[in-house]
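Note sheet for the following structure.
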Amino acid sequence: MKAKLDQTQGVGLWNHLVPLLGQDYIRELARLFLDRGEKTGSLTNIWRKLQVPGVRAHYRDSYGRMFDDLQGEPIEGYSEATIEDGRQRERDRNMTVFDEEWDRLSAAMDRLSNDPVGQSVKTFRDKRHAHWEMQPIDQEPVPFDIGTLDLTYDGVFEFGRRCETILADLGKLLTHTHWEPSEFSEMSAEHGRALWMTLAK
């Protein structure tokens, strides 16, 4: 995209705006997905609260019974016991799905907490914007060198996509609804391309 903007009024904006947007995106990733504070609304903190005894069991039961309210009138020729048996089999299937998805999410959250890109994202947010690095006594403090983090745009965006996927999958278990992160990403990318191509004219 930058090559298309060369020799246009958009190149100056690209050189100035893209790094700023990248920094904002990194800060938001840390806030939304990685913060460990007990009062934060981050994915990490929500997952921690879901480990409280009884909470997982509540959502498992809710997921298992999510179609109970959709049951229609009694079916002629079938006894209530037969109908209830069918409902219970459906609940059991749903709970099995819940267990499998929960195990998969547990593994994904373990990977997220140890992800090297995630560690760099947190370090960038905490050190780049929170304080300067201390130096030996005879030297002045200096800004943190972000070059030591080996962050790339592609790496940060891929990390963000992984976080969104985990969030969507967890939301499905807790709310019984599904949304596809890629649909939002594609729409956002389309609007972004339109913006920059307008500047390239």
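The values are calculated or read from the model by the stated rules, or taken from the named source; none is laboratory data. As the structure is a computational prediction, the values presented were derived from the model and not from experiment. Here the Cβ positions follow ideal geometry from the backbone for every residue, glycine too, while neighbour counts run over all protein chains shown.
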Under the condition of being out of contact with any helix residue (DSSP H, G or I) (no Cβ under 9 Å at 6 or more places or on another chain), part of a helix (DSSP H, G or I) and among the acidic types (Asp, Glu), which residue from the stretch 66-84 is modelled with the highest pLDDT?
-> ASP69
Within the stretch 18-54, can you find the residues that are under 22 Å from THR165 (Cα atoms) and among the β-branched types (Val, Ile, Thr)?
-> ILE26, THR40, THR44, ILE46
When the stretch 85-132 is examined, which residues are found to be part of a helix (DSSP H, G or I) and modelled with pLDDT under 75?
-> ARG128
Just a yes or no: is a residue in the stretch 148-167 outside any loop (DSSP other than H, G, I, E, B), out of contact with any strand residue (DSSP E or B) (no Cβ under 8 Å at 6 or more places or on another chain) and at pLDDT below 80?
-> no
In the stretch 81-122, residue nearest to the chain's Cα centre (by Cα) [restricted to those that are among the β-branched types (Val, Ile, Thr) and surrounded by fewer than 17 Cβ atoms within 10 Å (Cβ to Cβ)] = VAL97
